[in-house]
Amino acid sequence: MIKINLPDGTSQEHEDHVTSLNIARGISERLANDVIAAEVNGSIVDAARPLTEFVEDSNAIDFRLLTVRDSESLGVLRHSCAHIMARAVMRLFPGTGLAFGPTTGHGFYYDFDVEQKISEDDFPRIEAEMSQIIKEGEPFERFSLPRGEAVELCEEMNQELKVEHLQTGLADHETLSFYRQGEFVDLCRGPHIPRAGKIKAFKLLSIAGSYWKGDKDSKPLQRLYGTAWFSKQDLASYLEQIEEAKRRDHRVLGKKLGLFQIDPSVGQGLCLWLPKGATVRVILEDFIKKELLDRGYDPVYSPHIGRVELYETSGHFPYYRDSQFAPIFGHDAGRIIDYCIRKLEEGGLSSEKEEALLQAAEIMGYERGDYQKATTAEEKISALRKWEKQQERYLLKPMNCPHHAMMYKSEPRSYRDLPVRLAEFGTVYRHEQTGELNGMLRVRGLTQDDAHLFCTPEQVEEEFRQTLQLVQYVLKSVGLDDYRIQLSGRDPNSDKYVGSVETWNQAEASLQKVLEDSGLRFEICEGEAAFYGPKADFMVRDAIGREWQLGTVQLDYTLPERFELEYTGADNKQHRPVMIHRAPFGSLERFVGMLIEHFAGAFPLWLAPEQIRVLPVTDKVADYAQDVLRQLKAKGFRASADMRSAKVNAKIRDAQLELIPYMLVVGPKEAEEGAVSVRDRIESKDLGMIPLAEAIEKFETEVREKTIRQQFKSTFQALEETTEESENEY
RNA sequence: GCUGCUGUAGCUCAGUGGUAGAGCACUUCCUUGGUAAGGAAGAGGUCAUGGGUUCAAGUCCCAUCAGCAGCUCCA
């Protein structure tokens, strides 16, 4: 007999051969029909598997049925759909090799090794074949084989990649599971849905290139993406969500609304903030500047470049060399010597080339000095380094912290001075990979709303707590109130981190304690930390439910060490401060880009680049229109007047399309009474004629309270909590 | 950086190896109007850049640059 514990706290006993399906059928035929899989002792398994396989030491097992109403079931459904897609592709493209086919956030993909190029034109026939397979409704059957037989089976099926994976990634697995569905057999961990007929709606989405095991030197594959749902409505609202996201694309809106521009002749990933976009940014900057001053921060400025030695001290230069713009060398030969050093370190420089490079450097003014006496590579490197140190080398600032550390160091500090909070909208430059650049969301020159807090170890928790409050406040002000925090710690198995294990543990514990006290939603991600300390990132959900990583708070016990920062304690001894890096918005580029998508370009009144537009009905009231405009501007509103000799309908249409929050229509009636007719863009209707003073008061209130009036509700609510990315082992 | 796709007027896009196109925007003129497009005329092009094939290239081929999607990366 098997004892099972149900989620409601009750227990049941069943025969040894019982399956989840049997249990469901015992309750009702309808439930049995709805069952997709089961959760047994915390892992999801096939509904048809005998539960006896999961019994350990004759203990009871924790058991839960998963039906179409449980979010976990979607992952199972999609993985099964990936198999069905693979089956269809193998029918249409005989000889297809199978790689991996996992689920993703809202769908699945499968990587195929196939000669012919699959294109979107092939989607209809693949989908038709899939529909046919689903209609046949064959079950997914699981079976296990010992290693040797598993390899044989994959060889028989000509699945070379599966064979390779069995011998590498799965080398330590004694038995391996397979799933059969009709003629289709695939090495797979599972679980799967009971029958293909459970898939009520699916769609192929895109095709892209990929590589075997993600290694670009490995075999190129074709990756087919798709999505699958339990109902046609769910699929429809998911597709609608994708369309909605396209409508909100900040690159399109940014161009249409004249917010920003990225021009190839300026440079890849270099953003030009046009007046309207810059206005939004200035308002946000002013807003946060005021908050910082109120909260005890001191404003500072630092230049856009600094000596390479500064970043060697901080450790950033060697660590991130490849994603920085190349150094600026003060000496013509600097670049050649730098190249020599790097090649000598790698050991990949022939003596002929080395000599040729040095001769070229000499033409440019380099003198060999110690190098002549050097015999080993180490000695040569050290001689070249010595020369290099005597020259000027600058780096475009890749981060602000070293500058702020130097400011801290500029005077002796007492524990009474701490915490010291230095804030700067610091522009930094990073040579991001070409393929990563994306509108304003990923650029090469960006401005962080950066600050560094220098405090005693005892103050860390309180500073972190206050920083959390600041971030919560600013996010609320722009209408973002749905977010969670991702606490990233170190990966105990990696050596990329600096600093001792003790300080890391101490830092991670401090952050976690404050987060627990705060009551905010957070999760811990091992191995995601920066190399110098743990961090807490804000994952913010926008109007249509997408998550964005924005602000960040990072503890740093390492830079103070590297820069030898100190303060005098109450004991009159020197102590090392702790540094906290924090940026509530992250970068202004990314934040504004995200806001454009969040608001679909229609900013709330307090942020709108143009808040109000005066629309005279005829030229006869031009003077009055100008007078209204003057009064609006005197009150600090960003306003304009449309003085074209067009009909008011046309002016309204243009203002609507330009997403101007309020239009003031003025004609002879309004002019006579000193009034305006207010038109609201969101409601797209006339609010009636009111005195100008009253209208101004209304707008002032809306700005002061930072009212967010636009309420977009996405139809896409379908089981949002599904796990991000579930790795399928094979 | 890698793979695939794309690049034609300010914008969105047609264009079959044989004279460069449309709508919107823009300029000028007419029109003076009441809550989402009044009318007419005009101007606007190194078809991304550089090579090649051809009697002839926007169109075919190669390279470069840039954009998009995906992968890898993210202080």
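The values are calculated or read from the model by the stated rules, or taken from the named source; none is laboratory data. This one's a predicted model, so the numbers in the text were calculated from it and none came from an experiment. Here Cβ is always computed from backbone atoms with ideal geometry, including for glycine, and neighbour counts include all displayed protein chains. Note: accessible area is taken over every heavy atom of the protein model, side chains too, but ligands, DNA and RNA are not part of it. Shrake-Rupley method; radii C 1.70, N 1.55, O 1.52, S 1.80 Å.
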Margin query: Can you say what percent of the DSSP beta bridges in the stretch A:612-704, counting only those with both residues inside, are antiparallel? Round to 5.
Written below: 55 percent
Checklist line | Lysine-lysine proximity count for the stretch A:321-456, Cα under 19 Å, sequence distance 8 or more or distinct chains | finding: 11
Note to self: Treating only the Cα positions of the stretch A:612-704 as identical point scatterers, give the base-10 log of I(q)/I(0) from the Debye formula at each q in 0.10, 0.14 Å⁻¹.
What the structure shows: -0.21, -0.42
Check: Between the stretch A:36-63 and the stretch A:417-454, what is the C-alpha centre distance in whole Å?
Finding: 49 Å
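If you roll a 1.4 angstrom probe over the protein chains with everything in place, what fraction of the accessible area of the stretch A:612-704 belongs to carbon and sulfur, to the nearest %? Kindly include the intermediate steps, with their values, before the conclusion.
Details: 2410 of 4870 Å².
The value for the stretch A:612-704 is 50 percent carbon and sulfur by accessible area.
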Checklist line | Cα centre as origin, Lys/Arg/Asp/Glu Cβ charges: the stretch A:2-67 dipole, Debye | finding: 220 debye
Next item on the list: Counting only C-alpha contacts under 8 Å and six or more residues apart, can you give the relative contact order of chain A as a whole percent?
Entry: 11 percent
Next item on the list: Compute the Rg to Rh ratio over the stretch A:331-391 from the alpha carbon atoms, using the Kirkwood formula for Rh, and round to two decimal places.
Entry: 0.91
Item checked: Equivalent ellipsoid, the stretch A:165-293 (semi-axes from 5 times Cα gyration tensor eigenvalues, Å) -> 46, 23, 17
Item checked: Distribution of pairwise C-alpha distances over the stretch A:1-149, 5 Å bins, in % -> 2, 8, 15, 18, 17, 13, 11, 8, 5, 3, 1, 0
Item checked: Under-5 Å amide H pairs with A:L66, H placed in peptide plane, nonlocal only -> A:I36, A:A37, A:A38, A:E39
Checklist line | the stretch A:586-612 and the stretch A:139-204: distance between their alpha carbon centers, rounded to Å | finding: 49 Å
Notebook entry, point to check: Radius of gyration and Dmax for chain A's Cα atoms, expressed in Å?
Noted result: 31.8, 95
Notebook entry, point to check: Could you give the accessible area per residue of chain A, probe 1.4 Å, as a whole number in Å²?
Noted result: 47 Å²
Next item on the list: List the lysines whose Cα lies under 22 Å from the Cα of A:K496, skipping any in the same chain that are fewer than 8 positions away.
Entry: A:K535
Next item on the list: Please calculate the 1.4 Å probe accessible area of A:R385, with all protein chains present, and give it to the nearest 10 Å².
Entry: 90 Å²
Item checked: Rg/Rg_globular for the stretch A:287-442, with Rg_globular taken as 2.2 N^0.38 Å and Rg from C-alpha atoms -> 1.34
Check: On full extension of the chain, what length is gained from A:D322 through A:L293, given 0.36 nm per residue of separation minus the C-alpha to C-alpha distance?
Finding: 6.8 nm
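Only loop residues by DSSP count here, and only those with at most 12 other Cβ atoms within 10 Å; note down the GluC sites (Glu not before Pro) in the stretch A:180-262 that meet that. Kindly include the intermediate steps, with their values, before the conclusion.
Numbers: sites: A:E183, A:E240, A:E243, A:E244; in loops: A:E183.
Those satisfying the criteria are A:E183.
Determine the alpha carbon to alpha carbon distance for each of A:K117/A:K200; A:K276/A:K635; A:K162/A:K232 and list only those over 26 Å.
Listed pairs above 26 Å: A:K117/A:K200; A:K162/A:K232.
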Checklist line | Cross-link partners of A:K203 among aspartates and glutamates (Cα-Cα below 17 Å; sequence separation of 8 or more within a chain) | finding: A:D111, A:E120, A:D121, A:D122, A:E127, A:E129, A:D234, A:E240, A:E243
Check: Give me the log10 of I(q) over I(0) for the stretch A:402-471 at q = 0.20, 0.22, 0.25 Å⁻¹, as the Debye formula computes it from C-alpha points; what are the numbers?
Finding: -0.91, -0.99, -1.11
Next item on the list: Take the alpha carbon gyration tensor of the stretch A:413-526, find the square roots of its eigenvalues, order them as a ≥ b ≥ c, and report rounded if a/c is under 1.5; if not, report prolate when a/b exceeds b/c, else oblate.
Entry: rounded
Check: For the stretch A:562-680, how big is Rg over Rh, using alpha carbon atoms and the Kirkwood form of Rh?
Finding: 1.39
Margin query: Charges at C-beta only: +1 for Lys and Arg, -1 for Asp and Glu. How large is the resulting dipole of chain A about its Cα centre, in Debye rounded to 20?
Written below: 2800 debye
Checklist line | Solvent-accessible area, 1.4 Å probe, carbon plus sulfur percent, for the stretch A:72-245 | finding: 48 percent
Next item on the list: Consider just the alpha-carbon atoms of the stretch A:72-245 and return their Rg together with their Dmax, both in angstrom.
Entry: 15.8, 51
Notebook entry, point to check: Considering only Cα-Cα distances, which of the following residue pairs are longer than 23 Å: A:K476/A:K698; A:K256/A:K698; A:K620/A:K651?
Noted result: A:K256/A:K698
Next item on the list: Can you run the Rg to Rh ratio on the stretch A:2-67? Use alpha carbon positions and the Kirkwood inverse-distance Rh.
Entry: 0.92
Notebook entry, point to check: Carbon and sulfur together cover what percent of the accessible area of the stretch A:331-391 at a 1.4 Å probe radius?
Noted result: 48 percent
